[in-house]
Amino acid sequence: MDYTKSYKSQCDAACLHCGAALAQKQGAGRVKRFCTPDHGRLWRQRARALGFDV
Ligand SMILES: [Zn+2]
């Protein structure tokens, strides 16, 4: 972890639902975790079914 660079520029996360590569938008705002809002919805739906509180 290089603390002289922003966290987002080093975040090479993939979509939590389908694993697609994500391009983080630089600047203010939260880190992108899903390729589409729909995948975020599906992932939370599945997490809830497994008993996670999301
Ligand atoms: Zn996805």
Just name the residue that is nearest to the chain's Cα centre (by Cα) out of those in the stretch 9-33 that are closer than 22 Å to Arg44 by Cβ and at pLDDT below 80. Ala13
Being among the basic types (Lys, Arg), more than 20 Å from Asp2 (Cβ to Cβ) and touching a Leu at 6+ places or on another chain (Cβ under 6 Å) is the filter here; which residues of the stretch 12-54 pass it? Arg33
Could you figure out which of (1) near the ligand (Cβ under 10 Å from one of its atoms); (2) at positive phi isn't true of Phe34? (2)
Those residues of the stretch 1-31 which are away from the ligand (no atom under 16 Å from the Cβ) and among the polar types (S, T, N, Q) amount to Thr4, Ser6, Ser9, Gln10, Gln26
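The values are calculated or read from the model by the stated rules, or taken from the named source; none is laboratory data. Here the structure is a predicted model, which is why all the values come from computation and not from measurement. Note that each Cβ is placed from the backbone with ideal geometry, even for glycine, and that neighbours are counted across all protein chains shown.
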